[in-house]
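The values are calculated or read from the model by the stated rules, or taken from the named source; none is laboratory data. Everything numeric here is computed off the predicted structure, so don't read it as measured data. Here the Cβ is made from the backbone with ideal geometry for all residues, glycine too, and neighbour counts use every protein chain on show. When the accessible area is computed, the model is the full protein with side chains, heavy atoms only, and any ligands, DNA or RNA have been set aside. Shrake-Rupley method; radii C 1.70, N 1.55, O 1.52, S 1.80 Å.
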Amino acid sequence: MSEPALNEPALNEPTLNGPLPPTPGQTVGPFFGYALPYARGNELVEPGTPGAVRLHGTVRDGAGNPVPDALIEIWQADAAGDVVGRSGSILRDGTFTGWGRAETDREGGYWFRTVAPGSTEPGRARFFAVTVFARGLQDRLFTRAYLPDDPGSLGTDPLLTSLGAERRATLVTAREPDGSLRFDIRLQSDSKGEETVFLTYDRSTQPTRSTQPTRPARSARPGRDGAGA
Amino acid sequence: MDAAPDLAAESQAQLSAEIEAGHRAYEEGLEQGLPEELGPRRDWPPYRSSLLRHPTKDLHHADPETIELFAPVFGERDVGALEADLTVQPGGEPIGERLVVRGRVVDGEGRPVRRQLVEVWQANAAGRYLHKRDQHPAPVDPHFTGVGRMLTDDDGWYQLRTIKPGPYPWKNHFNAWRPAHIHFSLFGREITQRIVTQMYFPGDPLFALDPIYQSIQDARARDRLVATYDHDLSEHEWATGYRWDIVLTGAHRTWTEPEDGDE
Ligand SMILES: [Fe+2]
């Protein structure tokens with residue numbers, strides 16, 4: 001592999017699948033369960049944290065059967081809408097990192113204890129970025145789990161408004177009577193339900209985005225451990 | 001567990017014919033101007049477990065939002081220094097061919113992915129995982145868990161020490177064997193770069209027979225999962241060395257290095 005230049009210039013144009021072809025993905029297989037999950041990986045906040053919410057759901061296949069060997073990861077802003085740049089997701093010492101990992105149980109169920117993400121920009125719809133892995137799934141799938149609570153921002157969200165009602169509904173969490181958020185994932189459509197909308201961020205088939213995202217808040221600078229120090 | 005019992009009687013010859021037919025169709029498509037495929041197919045019937053677990057609709061294009069343009073941060077407090085050495089186990093050493101595996105994690109522009117988490121897991125030298133659902137009647141090695149973690153360094157390098165995993169049987173079809181591999185889980189600087197994959201060893205005779213490896217239609221793309229033997233990484237009277245670099249998908253974010261002297 002060619003060595004990158006020592007002085008890396010800032011990119012003027014965003015790219016995907018740039019000059020170097022990417023390493024292909026492969027299935028997580030059947031035996032990740034003793035390797036990837038770790039203690040309290042699914043607990044982004046401690047019990048009793050103000051604003052704590054349970055995000056949960058069931059992963060199903062194209063026959064409607066639960067998928068007991070899937071791995072779900074979430075990545076989110078904090079309650080104020082800041083992207084957190086803090087380490088500690090594995091240590092779980094009480095630092096909110098915005099990232100969590102859960103394996104599904106025998107009934108295909110998963111859950112996280114977290115807080116609802118805030119809007120990263122004023123008026124933007126709020127969502128958890130979700131990544132799905134499973135035995136039988138050759139490459140990870142990306143999706144979003146939107147909060148159901150602000151119809152105004154959901155109604156102007158670029159992704160949601162690009163989808164028909166039935167497809168769009170697969171991306172919006174349901175507020176359960178106990179206050180929890182339910183997000184079921186269907187890997188494949190079946191007679192009982194619509195397949196979850198899965199995402200590609202690849203630009204190759206789409207016009208490029210005309211505006212750059214705003215920088216995250218200063219406190220949320222990503223980077224090395226202890227960013228901002 | 002990996003296939004219904006009625007599928008378990010299918011022969012390797014039958015599977016191999018399906019794989020070859022799929023690859024032939026891909027080659028013909030290339031000649032007709034269809035794009036090169038860089039990744040595996042999710043809809044790939046020879047991998048029987050994928051039949052009900054692949055989406056049937058095209059992935060929907062999304063412009064990444066702010067949260068998707070960043071990735072979780074991991075630090076020294078998350079990952080112990082010894083976790084990169086799978087040969088250090090309480091009570092004794094694992095049986096097997098000692099290896100050093102080293103490589104660089106870079107993005108599509110060749111820029112190093114610094115101080116980011118790499119996770120690995122693998123079977124022992126006999127092809128057995130330390131997983132309660134692994135039914136392969138090969139010996140468990142009491143001195144090998146096969147699980148490791150590390151952070152890349154400032155230039156994107158990772159390095160692990162382990163033993164060579166054995167091939168193992170699975171239930172996709174009759175007499176199905178996976179080529180020896182190490183599972184890798186990687187993060188980039190944007191969550192859109194997240195990837196889980198498998199590293200293979202050069203010249204494995206099982207490559208042609210394996211529906212998972214062969215789910216990548218393009219021969220050059222498949223080669224990207226195969227490590228190379230690197231004599232410079234081998235250690236005198238201790239271990240042989242393999243080099244395997246990982247290229248994540250390119251970046252969306254206009255990237256100026258935030259770490260150095262930026263604040
Ligand atoms: Fe494996």
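Just give me the residues in region B:125-166 being among the aliphatic types (A, V, I, L, M) and either outside any loop (DSSP other than H, G, I, E, B) or within 13 Å of chain A (Cβ to nearest Cβ) (or both), in sequence order.
Residues of region B:125-166 among the aliphatic types (A, V, I, L, M): B:125-126, B:130, B:138, B:140, B:147, B:150-151, B:160, B:163.
Result: B:LEU130, B:VAL140, B:VAL147, B:MET150, B:LEU151, B:LEU160, B:ILE163.
Taking the condition of a type outside the set (Lys, Arg) and away from the ligand (no atom under 16 Å from the Cβ), does A:ALA63 pass?
Details: of a type outside the set (Lys, Arg): yes; away from the ligand (no atom under 16 Å from the Cβ): yes.
Taking the combined requirement at face value, the residue satisfies it.
Among (1) more than 12 Å from the ligand (Cβ to nearest atom); (2) buried (at least 22 other Cβ atoms within 10 Å of the Cβ), there is one condition B:ALA208 misses while meeting the rest; what is its number?
Failed condition: (2).
Kindly indicate whether any position in region B:197-208 is on the phi < 0 side of the Ramachandran plot and touching a Lys or Arg at 6+ places or on another chain (Cβ under 6 Å). Can you show your working first?
So the first thing to find is which residues in region B:197-208 are on the phi < 0 side of the Ramachandran plot, and the list is B:197-202, B:204-208.
Pick out the ones that are also touching a Lys or Arg at 6+ places or on another chain (Cβ under 6 Å) and you get none.
For region B:197-208, residues on the phi < 0 side of the Ramachandran plot and touching a Lys or Arg at 6+ places or on another chain (Cβ under 6 Å): absent.
If the requirement is being over 28 Å from B:LEU248 (Cα atoms) and either modelled with pLDDT of 95 or more or within 7 Å of chain B (Cβ to nearest Cβ) (or both), which of these qualifies: A:GLU195, A:GLU176? Write out each step before concluding.
Working: A:GLU195 fails: over 28 Å from B:LEU248 (Cα atoms).
From the options A:GLU195, A:GLU176, the qualifying one is A:GLU176.
Which of the following residues is touching a helix residue (DSSP H, G or I) at 6+ places or on another chain (Cβ under 8 Å) and either within 16 Å of the ligand (Cβ to nearest atom) or on the phi > 0 side of the Ramachandran plot (or both): B:PRO64, B:PRO45, B:PRO40? Before the answer, list the steps.
On the way: B:PRO64 fails: either within 16 Å of the ligand (Cβ to nearest atom) or on the phi > 0 side of the Ramachandran plot (or both); B:PRO45 fails: either within 16 Å of the ligand (Cβ to nearest atom) or on the phi > 0 side of the Ramachandran plot (or both).
Just a single option satisfies the conditions, and that option is B:PRO40.
Taking region B:167-194 on its own, how many of its residues are open to solvent by 10 Å² or more (accessible area, probe 1.4 Å), within 13 Å of chain A (Cβ to nearest Cβ) and more than 16 Å from the ligand (Cβ to nearest atom)? Write out each step before concluding.
Of the residues in region B:167-194, the ones open to solvent by 10 Å² or more (accessible area, probe 1.4 Å) are B:167-171, B:174-175, B:177, B:189.
From what is left, the residues that are within 13 Å of chain A (Cβ to nearest Cβ) are B:168-171, B:189.
Narrowing the set further to residues that are more than 16 Å from the ligand (Cβ to nearest atom) leaves B:189.
Adding up the residues that qualify gives 1.
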